[in-house]
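Below: one structure, written as structure tokens.
The values are calculated or read from the model by the stated rules, or taken from the named source; none is laboratory data. Computed from a predicted structure; not experimentally measured. Cβ coordinates were reconstructed from backbone atoms using ideal geometry, including for glycine residues, and neighbour counts include every protein chain displayed.
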Amino acid sequence: MDMPIPQTKLADPKECGHVTLIDHANDKQYELPVLEGSEGPNVIDVQKLYRDTGYFTYDPGYTSTGSCNSQLTFIDGEKGILRHRGYAIEELAEKSDYLEVCFLLLYGELPTAAQKAEFGREITYHTMVHEQLQYFYRGFRRDAHPMAVMVGVVGALSAFYHESTDIHDLEKRRLATHQLIAKMPTLAAMTYKYSIGQPFIYPRNDLPYSENFLYMTFSVPSEEYKINPVLSRAMDRIFILHADHEQNASTSTVRIAGSSGANPFACIAAGIASLWGPAHGGANQAVLAMLREIGSKDRIPEFIKRAKDKDDPFRLMGFGHRVYKNYDPRAAILRESTHEVLDEVGVKDEPLLDLAIELERIALEDDYFVERKLFPNVDFYSGITLKAMGFPESMFTPLFALGRTAGWIAQWKEMIKDPHQRIGRPRQLFTGPTLRPFVPIEKRS
Ligand code: SDX
């Protein structure tokens, strides 16, 4: 991009006090600094804990661990707040568009009209993929899960765009971030086309981002494709709602992969692999399967009972969240968007939506869910909207990955620029066997 664009610089966290750690076993005490950010919980800086005390911290699942200093996304789980660079998700979903949110996450400010036009041209310019990439698709079975294909072809980008893999060159780093945002829709659309045996559709430079994606996904060479503005607006809103979400599992995967100096394409492929899990981004597909398994409202109590049974692995998919202990603000926006899409496509009564609304009503009146603050999350309604838009369920998580690429690559860029960034290398609590002599095979019983 020719024009100067805002540069973000991570502010060093400020020390605002300390806590005292008393080691009764060794009759020692230690002062640990407390750091404060602009909002949210303060943190206890334990970077020197092992060196000074000989102790590790222990936090499986990192429920109480801050892994980094970030300025991108703030979540208040108790209040159901989600903001990107200070802007509320509700305002962004209503008044902005996905490319503006990409610019905001990458560069820290909403773009001016000129910056937006330039950024849009830059992204449009990179929407095509190398012609050889199509042969990667031909190696997959047509019925391969689209997430398996996306992990493969996104990782393969590093075999085609060598010039973007020098992570220490600012311009090459910027090129890689723009290439990924630009090419994910093309790769996702190609993944869908390959699965249904239709020809790949090249991107068009005269279409905005989400319109272009729907065109590449649903148009066929043999007839004119008419853009539906309600559906393309809903698609763009879905991408906004999935753009970034603090240090979730897939974003942490991207960060730790990037901390070794791996190229951005490989890091995003790692993020896609992590997102695929049903406890994470795979939940949107699992919600539809669950609703179909429930089948009718009279069977809801049976499944609510199963969800509460610790001996039953069944979980209410699309419910609960590690951080939100209130209604996921994205779910509320998606629920409204679902009605808009169903009206537009002329679906008068979608049994799955009726079932979802009734399931939500019953769950939110049940003590088990109320006590554990289990509310619908982003995945609860997204699948119903995407199904109404014509996507097969297997494409739901690739669409989540498409939207999340903005956040993944912005988090990766922030990590690379962090002067305190080091290779991620957690330790452990070892409870395995202590030293023992080797046993020759003839003496093993
Ligand atoms: C996403 O991290 C992010 O930000 C992720 C995400 C993003 O944008 O990146 O928001 C996207 O991944 C949303 C979540 C999608 N996953 C699902 O909908 C799958 C169903 N949800 C559960 O698997 C679960 O709620 C998790 C995985 C989302 C959260 O897991 P936690 O943090 O381990 O759950 P918890 O500690 O809050 O659970 C507290 C209690 C436990 O019971 P008790 O031990 O207290 O008796 O609630 C229970 C859990 O067993 N519980 C559920 C439940 N979720 C939690 N019980 C039934 N059904 C559920 N869905």
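Which of the helices (runs of 4 or more DSSP H) found entirely inside the range 65-149 contain at least 2 residues meeting this: basic (Lys, Arg)? It would help to see each step written out before you state the result.
Numbers: elements: 89-95, 98-107, 113-125, 134-137.
Output list reads 113-125.
May I ask you to verify whether ARG425 is touching a residue at least 12 places away in the same chain (Cβ under 8 Å) and either away from the ligand (no atom under 11 Å from the Cβ) or surrounded by 15 or more Cβ atoms within 10 Å (Cβ to Cβ) (or both)?
No, not satisfied.
What is the number of the single condition among (1) modelled with pLDDT of 95 or more; (2) of a type outside the set (Val, Ile, Thr); (3) in a loop (DSSP other than H, G, I, E, B) that ALA11 does not meet?
The number of the failed condition is (1).
Take GLY407 and decide whether it is among the small types (Gly, Ala, Ser), near the ligand (Cβ under 10 Å from one of its atoms) and part of a helix (DSSP H, G or I).
yes
Quick one: which helices (runs of 4 or more DSSP H) lie wholly within the range 230-348 and hold at least 3 residues that are near the ligand (Cβ under 8 Å from one of its atoms)?
Once the helices (runs of 4 or more DSSP H) in the range 230-348 are filtered for at least 3 residues that are near the ligand (Cβ under 8 Å from one of its atoms), what remains is 249-258, 283-294.
Take the conditions modelled with pLDDT of 95 or more, touching a helix residue (DSSP H, G or I) at 6+ places or on another chain (Cβ under 9 Å) and among the polar types (S, T, N, Q) and apply them to GLN115. Does it pass? Break it down stepwise before answering.
Working: modelled with pLDDT of 95 or more: yes; touching a helix residue (DSSP H, G or I) at 6+ places or on another chain (Cβ under 9 Å): yes; among the polar types (S, T, N, Q): yes.
For GLN115, the condition - modelled with pLDDT of 95 or more, touching a helix residue (DSSP H, G or I) at 6+ places or on another chain (Cβ under 9 Å) and among the polar types (S, T, N, Q) - is met.
Looking only at the range 378-411, which residues are of a type in the set (S, T, N, Q) and surrounded by fewer than 24 Cβ atoms within 10 Å (Cβ to Cβ)?
SER394
Restricting to the range 196-245, give me the number of residues that are among the β-branched types (Val, Ile, Thr) and closer than 25 Å to ILE333 by Cα.
5
From the set of residues in the range 307-321 that are of a type in the set (Lys, Arg) and surrounded by 15 or more Cβ atoms within 10 Å (Cβ to Cβ), which is farthest from the chain's Cα centre (by Cα)? Steps first, answer last, please.
Start the filter on the range 307-321 by keeping residues that are of a type in the set (Lys, Arg), which leaves 308, 310, 315.
This time we only want the ones that are surrounded by 15 or more Cβ atoms within 10 Å (Cβ to Cβ), so: 308, 315.
Working: LYS308: 27, ARG315: 21 Å.
Among those that are of a type in the set (Lys, Arg) and surrounded by 15 or more Cβ atoms within 10 Å (Cβ to Cβ), it is LYS308.
List every residue pair whose Cβ atoms lie under 8 Å apart, where the two residues are 6 or more positions apart in sequence or sit on different chains, the first residue falls within the range 181-208 and is on the phi > 0 side of the Ramachandran plot, and the second residue, located anywhere, is surrounded by fewer than 24 Cβ atoms within 10 Å (Cβ to Cβ) and not β-branched (Val, Ile, Thr).
GLY197/ARG142
Hey, can you tell me all the residues within the range 267-306 that are among the polar types (S, T, N, Q), surrounded by 15 or more Cβ atoms within 10 Å (Cβ to Cβ) and out of contact with any Phe, Trp or Tyr (no Cβ under 7 Å at 6 or more places or on another chain)?
Answer for the range 267-306, where residues must be among the polar types (S, T, N, Q), surrounded by 15 or more Cβ atoms within 10 Å (Cβ to Cβ) and out of contact with any Phe, Trp or Tyr (no Cβ under 7 Å at 6 or more places or on another chain): just SER274.
Hey, among LYS413, LYS373, which residue is of a type in the set (Lys, Arg) and under 24 Å from GLY155 (Cβ atoms)?
Unique residue meeting the criteria: LYS413.
In the list TYR30, TYR98, which residue meets the criterion of being in contact (Cβ under 8 Å) with a residue 40 or more places away in the chain and of a type in the set (Ser, Thr, Tyr)? Let's see the steps before the verdict.
Working: TYR30 fails: in contact (Cβ under 8 Å) with a residue 40 or more places away in the chain.
Exactly one of TYR30, TYR98 is in contact (Cβ under 8 Å) with a residue 40 or more places away in the chain and of a type in the set (Ser, Thr, Tyr), namely TYR98.
Which one of these does LEU359 not meet: (1) within 13 Å of the ligand (Cβ to nearest atom); (2) more than 23 Å from the chain's Cα centre (by Cα); (3) in a loop (DSSP other than H, G, I, E, B)?
(3)
For the range 26-79, how many residues are more than 13 Å from the ligand (Cβ to nearest atom), of a type in the set (Gly, Ala, Ser) and more than 21 Å from ARG422 (Cα to Cα)?
Number of matching residues: 2.
If PHE380 passes every condition in (1) within 30 Å of PHE218 (Cβ to Cβ); (2) more than 10 Å from the ligand (Cβ to nearest atom) but one, which one does it miss?
(2)
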